[in-house]
Structure formats: structure tokens, C-alpha cells
Amino acid sequence: MTPTVRHFALNADDVGRAKAFFETAFGWIYTPWGPPGFYQTRSAGPSAMGALQGRRGIGGQVMPAVELTFDVDDLDAMIARIEAAGGAMIMPPFTIETVGRLAFFRDTEGNIAGIMQYEPGMTPAGEKVPGAAWFSGFGIHADDVGRAKAFYEGVFGWAFTPWGPPDFYTCEAVGGLLQARHTVEGRALPGIEVTFGVDEINAAAGRVRAAGGEVLTAPYHIEGVGHHVFIATSEGGVFALMQHEADGR
């Protein structure tokens, strides 16, 4: 099985403030789950379940604004492939009862993500709630695009296709892209950048502002794809919003 995104977690300095932001701006419904200050949402679309939690450090590193977790068939075999390809594990496997075994790794570009071997039947799923933003895709930013491409092709078996500008690749099978690391309006984008789909880009931008976030760019039209903006949340995390063309994405 090709590893795909099954879970994303948003890290917050103030969980209550972040919860209010995403409820107002994105229309998500959060439910307490597990430890204090930890919430889940299944209203961010069918492709991935979301979590909200306090920002923390793992392996001596402060975790990024968003953590993606990819599902894998064999966690131990995947760890071996990551290390053989030049990556490093920053957290050894940890068992979450009734859910599965989770570990975090750092890729060749210093980007952090999780891998999870789920218990049978426990792969999380959500639903697309009318009017709510949904998980649409992700991008991996690299200091050396060729090196990162080789890493993910060898470790995860992803197939990348050149698209648009130089050193820009898409991976349609997992809704991902790969590109050189860059900034937006002077802000460094996270190593792994998440895009959330919205029904109407200007209305979504207005909700972001009303909820205490910032809209960093004017809507930009990508021919054949949709209208796109970057935003900053109440916690300073930078994400993209996309009003997709009428292909239903």
C-alpha cells in the first residue's frame, strides 16, 4: 500500500484560542478525546481526520504548526527504509491503545512527519461537512528538490510528475507536491505545507480575518486548478486555502 495522509494535527500555543479560530474560520466541530487539551475533528473532509493539541517538543525539536501522519503497512520496515535513505527517527514507535503504533521521522530536508501502523479497521476517516473547509492536499518543501524526490520515491514509493515551474512536482496518488523551499510575504513556509479546500475563497478569507487570523496574499488563480491564498492562523501557522475549479476536488 502506498503511504497516504490519514491524520493531521494542529499544534497550538493556546489550545482554546486555536479551537475558537478553526471553529469560526473553518467551520470544524471539535470533540475532546484522550488527554486534557486534545481534540479531534472528523469534519475536515473524508481524506484525513484532524486533531488539535498543545505545542510540544519531540526528540529535542519543537513540532511544526501542522503534523501529518502517513499510514503504513509495516512500521518497522518503514523505519528501516527511512534510515537507509538518509532520514532519522526522532521518536521511537509508541503504541496508542486500540489505534496503532506511531513514530515520527525527519526527512533529508529536516521536515518532520509521522508514520502510523493502524490496528485493523482503525484507519481514521471523516466527512465533508457543508460549508466547512476540508483537507485538500499537502506540499513538501526542500532545500535540495532532487534529494527529497529520491528520498520519497525510495521510502514511500511515490511517483512524482513535473508540473509548471522548474523543480516543481506533483504526486497525484497522494494529493501531494514537492517544491523548493521559499517564503511568502517574508514568512518562511513550513517544511510540510497543508492546503485546505474552501467553497468560496473571498468568503473564507473574510472568516479568517474575523476569527483573528491574517490573509497573507491576494487570491491567485492557477489555471486549471483554482484560486489560492496563504493565511496565518491565530497561532502563527501558515496554511493555504484553495477554491478548486469545478472538478469537485
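Can you pull the percent of Cα pairs in the chain with separation above 21 Å?
On the way: 17509 of 30876 pairs.
Cα-Cα pairs of the chain separated by over 21 Å account for 57 percent.
For the chain, calculate the relative contact order in percent as a whole number, restricting contacts to Cα pairs under 8 Å that are 6 or more residues apart.
Worked out over the chain, it gives 19 percent.
Hey, in the GNM for the chain with a 10 angstrom Cα cutoff, which one of A173, A88, A12 fluctuates hardest?
A173
May I ask you to derive the relative contact order of segment 5-118, considering only C-alpha pairs under 8 Å and at least 6 residues apart, and to give it as an integer percent?
Answer for segment 5-118 is 24 percent.
Using +1 at the Cβ of each Lys and Arg and -1 at the Cβ of each Asp and Glu in the chain, identify which of F22, L178, M49 lies farthest towards the dipole's positive end.
It is F22.
Work out Dmax and Rg for segment 1-72 from the C-alpha atoms and quote the Rg first, both in angstrom.
12.5, 38
Could you list T2, T233, T170 in order of exposure, starting from the residue whose Cβ has the fewest other Cβ atoms within 10 Å?
Neighbour counts put them in this order, fewest first: T2, T170, T233.
Would you work out which of A240, A12, G137 lies farthest towards the positive end of the dipole of the chain? Charges go on Cβ: Lys and Arg +1, Asp and Glu -1.
Looking along the dipole axis, the top candidate is A12.
Just round it to a whole percent: the fraction of Cα-Cα distances in segment 1-128 exceeding 22 Å.
Values: 2911 of 8128 pairs.
In whole percent, the share of Cα-Cα pairs in segment 1-128 beyond 22 Å is 36.
Counting other beta carbons within 10 Å of each residue's own, what order do H141, H227, H182 fall into, fewest first?
H182, H227, H141
Go through segment 86-143 and name the trypsin sites (Lys or Arg not before Pro) that are in a DSSP coil and have 13 or fewer other Cβ atoms within 10 Å of their Cβ. List each step's numbers first, then the result.
Details: sites: R101, R106, K128; in loops: none.
Answer by residue number: there is no such site.
Treat every Asp and Glu Cβ in segment 5-118 as -1 and every Lys and Arg Cβ as +1, leave all other atoms uncharged, and give the resulting dipole magnitude about the Cα centre to the nearest 20 debye.
300
Which chymotrypsin sites (Phe, Trp or Tyr not before Pro) from segment 96-145 combine a DSSP loop assignment with at most 14 other Cβ atoms within 10 Å? Mind showing how you got there, number by number?
Details: sites: F104, F105, Y118, W134, F135, F138; in loops: none.
Passing sites in segment 96-145 do not exist.
What is the Cα radius of gyration of segment 134-244 over 2.2 N^0.38 Å, N being its residue count?
Rounded to two decimals, the normalised Rg is 1.09.
Please identify the GluC sites (Glu not before Pro) of segment 34-124 that satisfy two criteria: DSSP loop assignment and at most 16 other Cβ atoms within 10 Å. Which are they?
On the way: sites: E67, E83, E97, E109; in loops: E97, E109.
In loop regions of segment 34-124 (DSSP not H, G, I, E or B), the sparsely surrounded GluC sites (Glu not before Pro) are E97.
Every number here is computed from the coordinates shown, using simple stated rules; none is lab data. None of the values given here were measured: they were computed from a predicted structure. Please note: Cβ atoms are built from the backbone with ideal geometry, for glycine as well, and neighbour counts cover all protein chains shown.
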